[in-house]
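*Asks:* Encoded as structure tokens, here's the structure I'll be asking about.
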């Protein structure tokens, strides 16, 4: 009989102003919250300085929580190219921090995350937060929504690993 082991997963919702992260432990059908929050940078700070702050903060979080898998949202932007570019930089920095810590990198689109978590690809932020709360058996919904989105990514990957 194979022994089951806990897998630690960090979910990332990339952004330069707010980067959401959520760390969970997955064992069988159980998923437990380890840590979650956001990395904030100052709005008028140069992009290169923001990226250094994000990288250093993620290195610290990864060092403290020791995940083996990083789940990160794939970018999907239809409108604002400038926002897409800066978010893609933050995404790259996050992936670098994960890879340097020997994490397996897994990517999902926002649509995949919403469909798998709620069963509906156009779920609202409130619906996403509530489903994360339910899956992790939390007393309150995780806030801000960047944090909930990161946890959602980690939670759906834990489900994918089971099934």
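The values are calculated or read from the model by the stated rules, or taken from the named source; none is laboratory data. No experiment lies behind these values; they were computed from the predicted model shown. No Cβ is skipped: glycine too gets one built from the backbone with ideal geometry, and neighbour counts run over all protein chains shown.
*Asks:* If residue 67 satisfies all but one of (1) in contact with a helix residue (DSSP H, G or I) (Cβ under 7 Å, 6 or more places away or on another chain); (2) not in a helix (DSSP H, G or I), what's the number of the condition it fails?
*Replies:* (1)
*Asks:* Report whether or not residue 11 is in a helix (DSSP H, G or I), closer than 16 Å to residue 153 by Cα and in contact with a strand residue (DSSP E or B) (Cβ under 7 Å, 6 or more places away or on another chain). Steps first, please.
*Replies:* Values: in a helix (DSSP H, G or I): no; closer than 16 Å to residue 153 by Cα: yes; in contact with a strand residue (DSSP E or B) (Cβ under 7 Å, 6 or more places away or on another chain): yes.
So residue 11 does not fit the description; no.
Every residue, every condition in (1) over 24 Å from residue 25 (Cβ atoms); (2) at pLDDT below 95; (3) within 13 Å of the chain's Cα centre (by Cα); (4) not in a helix (DSSP H, G or I), yes or no:
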{"site": "62", "(1), (2), (3), (4)": "no, no, yes, no"}
{"site": "86", "(1), (2), (3), (4)": "yes, yes, no, no"}
{"site": "102", "(1), (2), (3), (4)": "no, no, no, yes"}
{"site": "132", "(1), (2), (3), (4)": "no, no, yes, no"}
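*Asks:* Take the residues in segment 23-53 that are within 19 Å of residue 156 (Cβ to Cβ) and free of Cβ contacts under 8 Å to residues at least 24 places away in the same chain, then tell me which one is surrounded by the most Cβ atoms within 10 Å (Cβ to Cβ).
*Replies:* For segment 23-53, the residue satisfying everything is 25.
*Asks:* Let me ask you something else. Testing residue 139 on (1) without any contact (Cβ under 8 Å) to a residue 40 or more places away in the chain; (2) part of a helix (DSSP H, G or I), one condition comes back false. Which one is that?
*Replies:* (2)
*Asks:* All but one of (1) in contact with a strand residue (DSSP E or B) (Cβ under 8 Å, 6 or more places away or on another chain); (2) part of a helix (DSSP H, G or I) hold for residue 50, so report the exception by its number.
*Replies:* Exception for residue 50: condition (1).
Yes or no, residue by residue, for (1) under 11 Å from residue 154 (Cα atoms); (2) crowded, with 23+ Cβ neighbours inside 10 Å:
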{"site": "6", "(1), (2)": "no, no"}
{"site": "16", "(1), (2)": "no, yes"}
{"site": "21", "(1), (2)": "yes, yes"}
{"site": "55", "(1), (2)": "no, no"}
{"site": "59", "(1), (2)": "no, no"}
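*Asks:* Still on this structure, please answer the following. Considering 139, 152, which residue is surrounded by 21 or more Cβ atoms within 10 Å (Cβ to Cβ), modelled with pLDDT of 95 or more, under 19 Å from residue 34 (Cβ atoms) and in contact with a helix residue (DSSP H, G or I) (Cβ under 9 Å, 6 or more places away or on another chain)? Outline the logic, then answer.
*Replies:* On the way: 139 fails: surrounded by 21 or more Cβ atoms within 10 Å (Cβ to Cβ).
It is 152.
*Asks:* Turning to a different aspect of this structure: Considering only residues of segment 120-130 that are in a helix (DSSP H, G or I) and out of contact with any helix residue (DSSP H, G or I) (no Cβ under 7 Å at 6 or more places or on another chain), which is surrounded by the most Cβ atoms within 10 Å (Cβ to Cβ)? First the steps, then the outcome.
*Replies:* Taking segment 120-130 as the starting set, the residues that turn out to be in a helix (DSSP H, G or I) are 125-130.
Then drop every residue that is not out of contact with any helix residue (DSSP H, G or I) (no Cβ under 7 Å at 6 or more places or on another chain), which leaves 126, 130.
Details: 126: 11, 130: 16.
Of everything passing the filter in segment 120-130, 130 is surrounded by the most Cβ atoms within 10 Å (Cβ to Cβ).
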